[in-house]
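Below is one structure; the comments refer to it alone.
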Amino acid sequence: MDITINASFLAHLDAEASLAFYRDVLGFEVRKDVGYQDMRWITVGPKGQPDTAIVLTPPAVDPGISEEERKTILDLMAKGSYGGIVLATPDVDSAFAEIESRGADVVQEPIDQPYGIRDCAFRDPAGNMVRLQQSV
Amino acid sequence: MTPDDADRLRDLTALRRVRDRIDREYAKPLDVEALARGAHMSAGHLSRQFKLVYGEPPYSYLMTRRIERAMALLRRGDVTVTEACFAVGFQSLGTFSTRFSELVGMSPSAYRRDPGLGPGIPSWLEKQATRPIRNREAAPERDR
């Protein structure tokens, strides 16, 4: 077997705000933008890596999710305890400076972690935690 | 979404920003008054709401964050207790040692000597502390 990670999902609350973060702040390319009724699914990914993507998706739209459950998911997103992703870059300090200068919400400035990595963290506009670590 | 829902989500988002600010600025001389001003709330309201949502008041969260970072620094072995204390934002070694011992169950210097996993390790640290450490074989439990 040979399996790669093709796409994973991160919820958005405001498609334009999340699009601006992943495209304009992180520099990802937009590969697909699909609308249905008032919902949007936007596929973004790093340039030069066409086989890996993040799909920015409206939260809790599965018809099997109850109104109560949907409310819980939105609460968890708002308090920052729902989604997240870990990204990597060859030079975390220069990437941090660039991302911060573009106005991203910083959660952690670059630091060395005791488990052998150097990383920093941001909050995307929907409350997802975006960690960025130096690839070794 | 009802107006009540919208209000609740707005409040939760404001609390998240406060927590993120603590996470980012833990080493600065933060206090609850300053955090509350930044969030346009009264200090009392912030403390109550924060505890309701995150399980502990903001001051306690800040202390936990500082101690967590101090543990990370002390695990390296090349940082002294005094250096760790001031690096994470404490103004006094005495307060640092007291808070550290409360949370970790041993003094900072004892932890620095032997940061190995033992009974009483706080659960919030377990995930971080038990992660594999690059280029260093973890010692078997019985050797600790």
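Here, each number is a calculation from the coordinates, and none is a lab measurement. Since this is a predicted model, take the numbers as computed values, not measurements. Cβ sites come from the backbone with ideal geometry, for glycine too, and all protein chains shown count toward neighbours.
Given R₀ = 30 Å, FRET efficiency for A:Glu16-B:Glu56 by Cβ-Cβ distance, to 0.05? Efficiency computed from Cβ-Cβ geometry: 0.30.
From most to least packed by mean Cβ count within 10 Å, the peptides A:121-127, A:47-53 give A:121-127, A:47-53.
The calculated FRET efficiency for the pair B:Ala6 and A:Tyr36, based on their C-beta separation and a Förster distance of 22 Å, comes to about 0.40. Each residue of region A:39-44 was assigned a 3J(HN,Hα) from its phi angle through the Karplus curve 6.51 cos²θ - 1.76 cosθ + 1.60 (θ = phi - 60°); the sequence is 10, 9, 10, 10, 9, 10 Hz, with glycine and proline shown as x. Is region B:15-55 best put as rounded, prolate or oblate by its Cα gyration tensor, with a ≥ b ≥ c the root eigenvalues, rounded for a/c under 1.5, and otherwise prolate when a/b is larger than b/c, oblate when not? Oblate, because a/c is 1.5 or more while a/b does not exceed b/c.
Using a cutoff of 8 angstrom between alpha carbon atoms and counting only pairs six or more residues apart, the relative contact order for chain A works out to 24 percent. The convex hull of the Cα atoms of chain A, projected and averaged over all directions, covers 10.0 nm².
Per residue and in cubic angstrom, what volume does the convex hull of the Cα atoms of the protein assembly as shown have?
Considering the Cα atoms of the protein assembly as shown, their hull volume per residue is 183 Å³.
Entry note, region A:39-99: relative contact order of 19 percent, from Cα contacts under 8 Å with a spacing of 6+ residues.
Ranked by the mean number of other Cβ atoms within 10 Å per residue, highest first, peptides A:109-116, B:55-62, B:15-22 order as B:15-22, B:55-62, A:109-116. Here r is the Cβ-Cβ distance between B:Thr13 and A:Lys47 and R0 is 22 Å; the resulting FRET efficiency, rounded to 0.05, is 0.10. Here the relative contact order of region B:21-119, from alpha carbon pairs under 8 Å that lie six or more residues apart, stands at 25 percent. Principal-axis analysis of the Cα atoms of chain A puts helix A:92-101 at an angle of about 60° to the longest axis.
So what's the projected area for region B:32-116, the Cα convex hull averaged over all directions, in nm²?
Value for region B:32-116: 6.0 nm².
Relative to the longest principal axis of the Cα atoms of chain A, the long axis of helix A:67-78 makes an angle of roughly 20 degrees.
Between A:Asp62 and A:Val86, the distance separating the two model label sites (each 7 Å from Cα on the Cα→Cβ line) works out to 2.4 nm.
For region A:67-131 versus region B:24-59, the inter-centroid distance based on Cα atoms is 20 Å.
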